[in-house]
Structure formats: structure tokens, C-alpha cells
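Q: Input: one structure, supplied below.
The values are calculated or read from the model by the stated rules, or taken from the named source; none is laboratory data. Because the structure is a prediction, the values reported are computed rather than measured. Methodologically, a virtual Cβ is constructed for each residue, glycine included, from the backbone with ideal geometry; neighbour enumeration extends over all protein chains shown. To get the accessible areas, we keep the full protein, side chains included, count just its heavy atoms, and leave off ligands, DNA and RNA. Shrake-Rupley method; radii C 1.70, N 1.55, O 1.52, S 1.80 Å.
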Amino acid sequence: MILDKLQKTFRKSVDTLASFVKIPLMSGRPSPRSSETKDTIIIMGNGPSLRDAIDRERDVLMAFPRLAVNFSALTPDFRELRPDYYILADIAFFAAKKTGNVPKLWESLRSVDWQMTLFLPAKARKMPEVGSLPGNIRIRWYNLTPAEGFTPVMRWLYDSGYAMPRPRNVLIPAIMSSMREGFRRIVLIGADHNWARTLWVTDRNKVVSVQPHFYKDDDEELRRAEEIFSNVRLHEVYENYAIAFRSYFNVKDYSDSRGVEILNATPGSFIDAFPRIKLADLT
């Protein structure tokens, strides 16, 4: 028992130190925390369940500020839902060489004709694509720098905006950015996270992961996803899953310390960190 406690303390000490080392290497200057207190925001993850929510509960979605993520700007629903907030977190969006549907994504954002806040990593400040965005898009900078360690220290780091719980999924920076924007209640939809159901290994020992979205991925994007998994081993996939689900509990601890309520309105979601609610019951 004593040995276990010592090992845990040592691990947290190492993780905390590593978190501070990462900040000057990975972080840029974040936008300041909003001084305005806001009520509720709905974060629309790209999971398959969002399709049903759009079709059946559109009036509920449209009654609250909405945040869309990653490739949703390429769907017809984007122009109809007109999200108030948008976040990009996949490193593919910020790579020097843009592949798959990434160029189309930036083109779609350039054509936005309503007031929208776009959350972008602080390190993307000098990207030419950012400079070409229209003036009606307000940009807020955040950091994807992962931090773990002693809880009080992590809360302080997250408050600073220079780090966040390990962002293995876009919903983690989406939630953290929504908190910095001043929202006191955050509702998740399209956060299925049931990736294990679509994971298998071929007879050639190739790991195949099909992560369905509420929209249909075209062949070009499927090829890009296939390349990502070309040299991945199954244990590495499950290790990443574990990191993602553990990060949600770190987010939950931080949100509780800030007095922010996070609710999961995604039917059948595998995220077990947040209380559940039906979207139709949102008031």
C-alpha cells in the first residue's frame, strides 16, 4: 500500500514537471478568459447520433448557442445550423501540406457570412489561411498543450489557458474553450465515442478503425484516415482510447472546480464522466 502511494506520487511529480516543460515548447499566448458570464452552449460532436438530433430536435439545437467541430463545415447542415462557435483541433488542419478535405474545409470557412467565433490553436497565428478569413469571424486562441499531474497545480495551469487535459479528441478543447468563453452549462451531443464497436484486425494483422460521423465521409477523406492507421498497432489504439476517456474525468474535475455543469445528451455515448440528459428535456 505504501509502495503504491509512493509510486503514484512519483508518477504525478514526473507528470507535473513534464507539463511545465511542454508549455514553453508547445504553447503560445492564449486569448484572455471572457469576463462575460453566459448560460448554455451545445457542443455538436461529429458522431452519428448528431444526425438524429438534427432531424428530430432541430428546434432545441437552434434555441441555444451552438459549437461545431472539425469537418462539419463541409456538410449541408452547416449552412442551416449556422453555428455561433467553431473549433479546429486536428493537426491536419495546421500542417504545412494540406491533404484530404482540409483545403475544402478552409475554403468553406472563408465563405461564412454570419457572425461566428472560431477557436484555433495559438500556434496557428501566422498561418496564411487564418489571415484570409473574413472579418465576421472572431478568432479566439487556445493551446492544445497536454498537462497532467497534481490536481491543484493542473487547475491553475488550465486556468491560465496555456494547457489542458490531454486532448485526444476535439471535444476536450471544445469544452475547455467553452468554459473560457464564460458558459456555465455545456451540453454534448454527437459525442458517441463508441469507437470500439468499429475496430477490428484483418487477417494481415492490419488494424482497421472506421469512425463514422453524422455525415458520410467521401473516398478522399477515407483514404487519409486509412493512411493514419497504416502502421498503428491495436494496443496503441486502446491506449489512446484510455487517454481520451481519462481526460474527460480531468475535465470534469476542473469544471466542478469552476462551477460549470457539463451534461451529455448523446444517446448510447461511451463517455462515462458526465451526467446524462435528453436533449428534448433541455430547458
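Q: Rank Pro128, Pro30, Pro165 by mean-square fluctuation in a GNM of the chain with C-alpha springs under 10 angstrom and give only the top-ranked residue.
A: Pro128
Q: In percent, what relative contact order does the chain have, based on Cα pairs under 8 Å that are 6 or more apart in sequence? Walk me through the numbers on the way to the answer.
A: Details: 458 pairs, mean separation 70.1, N = 283.
Reported as a whole number, the value is 25 percent.
Q: What nm distance separates the two modelled labels at Arg258 and Met1, each placed 7 Å from Cα along Cα→Cβ?
A: Each label point is offset 7 Å from its Cα along the Cβ direction, giving 3.7 nm.
Q: Now for a separate question. Could you tell me the distance between the Cα centroids of the stretch 238-283 and the stretch 35-67, to the nearest Å?
A: Comparing the Cα centres of the stretch 238-283 and the stretch 35-67, I get a distance of 15 Å.
Q: Determine the gain in length on full extension of the stretch Ala63-Thr99; use 0.36 nm per residue of separation and subtract their C-alpha separation, reporting nm with one decimal.
A: Additional length available on full extension: 9.4 nm.
Q: What FRET efficiency comes out for Asp84 versus Leu17 if R0 is 30 angstrom and r is the Cβ-Cβ distance? Round to the nearest 0.05. Display every interim value, and only then the final one.
A: Values: r = 39 Å, r/R0 = 1.29.
Efficiency, from the Cβ-Cβ distance: 0.20.
Q: If you don't mind, another one. Once you order the gyration tensor axes a ≥ b ≥ c over the Cα atoms, which shape class does the stretch 46-178 get: rounded for a/c under 1.5, otherwise prolate or oblate by comparing a/b with b/c? Before the final figure, lay out each step's value.
A: Working: a/c = 1.81, a/b = 1.26, b/c = 1.43.
Oblate shape, in that a/c is at least 1.5 and b/c is the bigger or equal ratio.
Q: Further question: Please work out the average accessible area per residue across the chain, using the 1.4 Å probe convention, and give it in Å².
A: Values: 14360 Å² over 283 residues.
Using a 1.4 Å probe on heavy atoms only, each residue of the chain averages 51 Å².
Q: Could I ask something else about it? So for the pair Arg276, Arg184, with labels modelled 7 Å out along Cα→Cβ, what separation do we get in nm?
A: 2.7
Q: Which of Lys104, Lys252, Lys126 ends up with the largest GNM mean-square fluctuation for the chain, with Cα atoms connected below 10 Å?
A: Most flexible of the set in this elastic network: Lys126.
Q: Let me ask something additional. Hey, if we sort Asp253, Asp52 by accessible area with the 1.4 Å probe, largest down, what's the order?
A: On the way: Asp253 55, Asp52 75 Å².
Ranked list, largest accessible area first: Asp52, Asp253.
Q: Cα gyration tensor of the chain, axes a ≥ b ≥ c as square roots of the eigenvalues: rounded (a/c below 1.5), prolate (a/b > b/c) or oblate?
A: rounded
Q: In debye to the nearest 20, how big a dipole does the chain give about its Cα centre with +1 on each Lys and Arg Cβ and -1 on each Asp and Glu Cβ? Let's see the in-between values first.
A: Working: 41 positive and 34 negative charges, 186 e Å.
Magnitude of the dipole: close to 900 debye.
Q: Separate question: Carbon and sulfur together cover what percent of the accessible area of the stretch 71-165 at a 1.4 Å probe radius? It would help to have the intermediate numbers written out before the result.
A: Working: 2300 of 4080 Å².
Summing carbon and sulfur atoms, their accessible area is 56 percent of the total for the stretch 71-165.
Q: Once phi is turned into ³J(HN,Hα) by the Karplus curve 6.51 cos²θ - 1.76 cosθ + 1.60 with θ = phi - 60°, what whole-Hz value does each residue of the stretch 51-67 show in order, with x for glycine and proline?
A: Computed from phi, the couplings for the stretch 51-67 are 4, 5, 5, 5, 6, 9, 10, 4, 5, 5, 4, 6, 7, 10, x, 10, 10 Hz.
Q: Right, another one. List nothing, just return the count: lysine pairs in the stretch 1-139, 8 or more apart or interchain, with Cα separation under 28 Å.
A: Taking the Cα cut-off of 28 Å, the pair count is 15.
Q: Compare Arg29, Arg110, Arg204 by solvent-accessible area with a 1.4 Å probe and give them largest first, with all protein chains kept in place.
A: Numbers: Arg29 155, Arg110 95, Arg204 195 Å².
Putting Arg29, Arg110, Arg204 in descending order of accessible area: Arg204, Arg29, Arg110.
Q: So, one more: Between Phe10 and Glu239, what FRET efficiency comes out of the Förster formula 1/(1 + (r/R0)^6) with R0 = 22 Å and r the beta carbon distance, rounded to 0.05? Could you put the intermediate results ahead of the total?
A: Details: r = 21 Å, r/R0 = 0.94.
Efficiency, from the Cβ-Cβ distance: 0.60.
Q: Right, something else. Using the Cα centre of the chain as origin and beta-carbon charges of +1 (Lys, Arg) and -1 (Asp, Glu), tell me which of His193, Pro24, Ala244 is placed farthest towards the positive end of the dipole.
A: So the residue we want is Pro24.
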